[in-house]
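The values are calculated or read from the model by the stated rules, or taken from the named source; none is laboratory data. Everything quoted here is computed from the prediction, not taken from an experiment. Cβ: placed from backbone, ideal geometry, glycine included. Neighbour counts: every protein chain shown. Surface areas here come from the heavy atoms of the whole protein model, side chains and all, with no ligands, DNA or RNA. Shrake-Rupley method; radii C 1.70, N 1.55, O 1.52, S 1.80 Å.
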Amino acid sequence: MSWLDTILQGILLGGLYALFAAGLALVFGIMRLVNLAHGDLIVLAAFLILLFVSALGLNPFIAAAVALPVMFMLGWALQFLVLNRTLGKDILPPLLVTFGLSVVIQNGLLEGFSADSRRISAGALETASLQIGPISIGTMPLLTFLSAVGVIVALNLVFYRTSLGRAFRATSDDSATAGLMGIRAERIFATATGLAMMVVTIAALYLGTRANFDPTLGPARLIYAFEAVIIGGLGSFWGTLAGGIIIGVAQTVGAAINPEWQILAGHIAFLLVLLVRPRGLFPRAVD
């Protein structure tokens, strides 16, 4: 029964990693952009939510709802004014620009909030749990996982069932031909990044309420996001959820064997999947 509980906790943890990765998967799937500042943007959103909670006295979930349009506009402007200029056949300019953006965000947060670790208080939700037989399920981890599933469902509906999703797919396949049909690729890319930043805000809410965070935490979150995306297969939203679950289960199982193995076990699982399926479990992106 203890191993069943360990695996269940790993699945719930995988929901958090899937939230970290979903925005990254969206941006890469549409414009093949590798955003090295993705983890730092998650931390930035967490500090924004913390600011609304502490300054306005808002509930964390309401503060996240207030932060959603702010992060959407930030993502839209960032893509439209900066990142669109770096897109092309050469992958190096986006990497350099987003690396620079990562440095700027980290140092800006250090100046504004210091290096102290912070946490967003969720009140009674932090310790609330559901008892199912001998297994106790934390309410917050369960909410995180359900939110991850909800985000994946919503992204799939937007991507495959709406006119905006058709525009996403058209510009992803051939932006020049899409432009002849009246689709402005630069605005579509900006909208995609804005949508990804909304997902980032949801991830930041659960990051901040479940653990301490500080301005330098971004790169570690980026690694988990990359691993989840690559395990699942580039461009696959459900694959991203599966990738997050694989990493989460590997980490909890590793920690059950030896607490020092928790992080290492997740990375080993990542390497094992790549050995068996180099393109990931459910690849959708094509060259």
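Residues that are open to solvent by 10 Å² or more (accessible area, probe 1.4 Å) and not aromatic (F, W, Y) within the stretch 28-46 comprise G29, M31, R32, V34, N35, L36, L44, listed in sequence order. From the set of residues in the stretch 239-249 that are open to solvent by 10 Å² or more (accessible area, probe 1.4 Å) and over 13 Å from the mean Cα position of the chain (by Cα), which is nearest to L8 (Cα to Cα)? Ranking the qualifying residues of the stretch 239-249, first place goes to V249. Quick check: is even one residue across the stretch 21-43 at pLDDT 95 or above, over 25 Å from V149 (Cβ atoms) and either hydroxyl-bearing (S, T, Y) or in a helix (DSSP H, G or I) (or both)? Taking every residue of the stretch 21-43 in turn, at least one turns out to be at pLDDT 95 or above, over 25 Å from V149 (Cβ atoms) and either hydroxyl-bearing (S, T, Y) or in a helix (DSSP H, G or I) (or both). Considered as a group, the residues in the stretch 57-75 that are within 17 Å of S102 (Cα to Cα) and among the hydrophobic types (A, V, I, L, M, F, W, C) include one that is most open to solvent (accessible area, probe 1.4 Å), and that residue is L74. Kindly check whether there is at least one residue in the stretch 221-233 that is surrounded by fewer than 18 Cβ atoms within 10 Å (Cβ to Cβ) and within 14 Å of the chain's Cα centre (by Cα). Yes: one or more hits. Take the conditions within 30 Å of L264 (Cα to Cα) and in contact with a Pro (Cβ under 8 Å, 6 or more places away or on another chain) and apply them to G150. Does it pass? Answer is no for this residue. Of the residues that make up the stretch 268-275, is at least one open to solvent by less than 60 Å² (accessible area, probe 1.4 Å) and without any contact (Cβ under 8 Å) to a residue 12 or more places away in the chain? No, the stretch 268-275 contains no residue that is open to solvent by less than 60 Å² (accessible area, probe 1.4 Å) and without any contact (Cβ under 8 Å) to a residue 12 or more places away in the chain. Determine whether the stretch 212-221 contains at least one residue that is assigned to a helix (DSSP H, G or I) and touching a Phe, Trp or Tyr at 6+ places or on another chain (Cβ under 9 Å). Checking the stretch 212-221: at least one residue is assigned to a helix (DSSP H, G or I) and touching a Phe, Trp or Tyr at 6+ places or on another chain (Cβ under 9 Å).
In the stretch 204-216, of all residues being out of contact with any Pro (no Cβ under 8 Å at 6 or more places or on another chain) and of a type in the set (G, A, S), the one that is surrounded by the fewest Cβ atoms within 10 Å (Cβ to Cβ) corresponds to A211.
The selection criterion, being surrounded by fewer than 19 Cβ atoms within 10 Å (Cβ to Cβ) and assigned to a helix (DSSP H, G or I), holds for I11.
Name the residue, out of T201, T252, that is of a type in the set (V, I, T), under 16 Å from the mean Cα position of the chain (by Cα), buried (at least 20 other Cβ atoms within 10 Å of the Cβ) and in a helix (DSSP H, G or I).
Working: T252 fails: under 16 Å from the mean Cα position of the chain (by Cα).
Only one candidate qualifies: T201.
Residues in the stretch 83-97 that are of a type in the set (V, I, T), over 29 Å from D116 (Cα atoms) and either open to solvent by less than 60 Å² (accessible area, probe 1.4 Å) or modelled with pLDDT of 95 or more (or both): T86 only. Being touching a residue at least 24 places away in the same chain (Cβ under 8 Å) and open to solvent by 40 Å² or more (accessible area, probe 1.4 Å) is the filter here, so list the residues in the stretch 255-267 that pass it. Within the stretch 255-267, A256, H267 meet the criteria. Annotation: I105 fulfils all but one of (1) under 21 Å from the mean Cα position of the chain (by Cα); (2) open to solvent by 70 Å² or more (accessible area, probe 1.4 Å); the unmet one is (2). Checking every residue in the stretch 174-186 against the condition of being open to solvent by 40 Å² or more (accessible area, probe 1.4 Å), within 30 Å of V104 (Cα to Cα) and out of contact with any Cys (no Cβ under 8 Å at 6 or more places or on another chain) gives at least one match.
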